[in-house]
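Let me begin by presenting the structure, written as structure tokens, before commenting on it.
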Amino acid sequence: MEIIHLRSRKETYLPWRTSQDISSLPLPRFIVIRLGKRLIKVVVWNPYLGQTRCIECRYSHRTINRGWDRFCYALGYEAKNSCRNLKFLRFIDIYNGEQENEFDWYEIYDFDSGSWKTLDVTPNWLSLFGSRGVSFKGNTYWLASERNSEDYDDHIICFDFTREMFGPLLRLPFDAGNRDYVNLSCVREEKLAVSVRHRQTRETDIWITTKIEAEEVLWSKFLTVDTENHLLTSERFFIEEETKLVMGLELNGRRETFKIIGVEAGYFTEFDFGNGVHRDYRAHACSYVPSLMQIKQPPAGRKWKHQSDSEKLRYDQNKSRLVSLEKRAEEEMRNPVDFLSHCLRL
């Protein structure tokens, strides 16, 4: 298996072998572009076809301390017979037990209409802000927990791009402690995989799905990796079922290393990519298979469709509330005591 590191794009591509038809393989990629602390735009990119499309966000929000982005993003598609209409989800959900500081805003961009729409979502779950979801057959899954629970990442939740709604919380096959590392991944476009690295035993258990439906997910334990001497806490890991390989990109300080563990063969190897270019930025790894999915382009000269009066009202209300919270956060960060309180609420 060949591993290609593109230093300029800070990504590692893993070309998987596959017997599937190329048109059924993963979605195009997207890149969030910022200038300083401001979000500028999102670029959806199909590198195989050389197609791109820029999405102008309705509100260019400010990131918080050291550039952390509290929004989550996901690209998926609506299945219409044999057609696939791309959609882009963007949301923020601030919940810390203080009602005056709680806020959520879910919106979706439709590539066909070229317009944004606010979604009616009443979340009963929590996920880490800025967490990266896993795309699977046009939908996106996130690690999550019950909203008022003290447990962490003990469920997954799926956003259905066809119905434009979240499904129920789906229980993971284990109980993770609050100091364990839990990560979600995808095995090609066929299965989901989840890993939990136990702090006490330094072992990593990996489970893969045997059944995935809207309201039910069944899991089977794939393997256990002894990672005591080979730290594996990557937020995005990869497995190869046939050869029982486990891979992940690790960040130790500013040093970036891609690690490969052969469980049955009993070997370990790593690729050292050196120090990152900046302390506030880190490399990300993703599996990539060429896709023939077309990125529909908007009509020339049109940015987005005219908003209805009700949608404009909802947008104005959400924007006003978010601006107020951003200003309050900036004021708190100027005061060391308030800044510590702010960090504890994240």
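The values are calculated or read from the model by the stated rules, or taken from the named source; none is laboratory data. This one's a predicted model, so the numbers in the text were calculated from it and none came from an experiment. Glycine also receives a Cβ, built like all others from the backbone with ideal geometry; neighbour counts cover every protein chain displayed.
Quick one: is A79 surrounded by fewer than 18 Cβ atoms within 10 Å (Cβ to Cβ), hydrophobic (A, V, I, L, M, F, W, C) and assigned to a strand (DSSP E or B)?
yes
With modelled with pLDDT of 90 or more, outside any loop (DSSP other than H, G, I, E, B), closer than 29 Å to V121 by Cα and out of contact with any Leu (no Cβ under 9 Å at 6 or more places or on another chain) as the only criterion, which of L192, L218 stands out?
Being modelled with pLDDT of 90 or more, outside any loop (DSSP other than H, G, I, E, B), closer than 29 Å to V121 by Cα and out of contact with any Leu (no Cβ under 9 Å at 6 or more places or on another chain) holds for just one of L192, L218, which is L218.
Please work out which residue is surrounded by the most Cβ atoms within 10 Å (Cβ to Cβ), limiting yourself to the range 316-342 and to residues that are modelled with pLDDT of 85 or more and not aliphatic (A, V, I, L, M).
N318
Being at pLDDT 60 or above and either within 16 Å of Y267 (Cα to Cα) or not in a loop (DSSP other than H, G, I, E, B) (or both) is the filter; apply it to the range 230-240 and report the residue that is farthest from the chain's Cα centre (by Cα).
E240
Within the range 296-315, track down each residue that is within 27 Å of the chain's Cα centre (by Cα) and at pLDDT 90 or above.
E311, R314, Y315
Do we have E2 as within 17 Å of the chain's Cα centre (by Cα), at pLDDT below 50 and on the phi < 0 side of the Ramachandran plot here?
no
Would you be able to say whether some residue in the range 100-123 is at pLDDT 85 or above, buried (at least 17 other Cβ atoms within 10 Å of the Cβ) and touching a Gly at 6+ places or on another chain (Cβ under 9 Å)?
Checking the range 100-123: not a single residue is at pLDDT 85 or above, buried (at least 17 other Cβ atoms within 10 Å of the Cβ) and touching a Gly at 6+ places or on another chain (Cβ under 9 Å).
Under 7 Å by Cβ, and 6 or more places apart or on different chains, what pairs join a residue from the range 254-268 that is more than 16 Å from I239 (Cβ to Cβ) with one that is of a type in the set (K, R) and exposed (fewer than 13 other Cβ atoms within 10 Å of the Cβ)?
R254/R279
Within the range 109-165, count every residue that is in a strand (DSSP E or B) and of a type in the set (D, E).
3
Of everything in the range 254-273 that's farther than 14 Å from T224 by Cα and out of contact with any Ser or Thr (no Cβ under 9 Å at 6 or more places or on another chain), which residue is modelled with the lowest pLDDT?
This residue is R254.
Take the conditions surrounded by 13 or more Cβ atoms within 10 Å (Cβ to Cβ) and on the phi < 0 side of the Ramachandran plot and apply them to N178. Does it pass?
The answer is no for N178.
Only one of I212, I208, I156 is crowded, with 21+ Cβ neighbours inside 10 Å and in contact with a strand residue (DSSP E or B) (Cβ under 8 Å, 6 or more places away or on another chain). Can you tell me which?
I156
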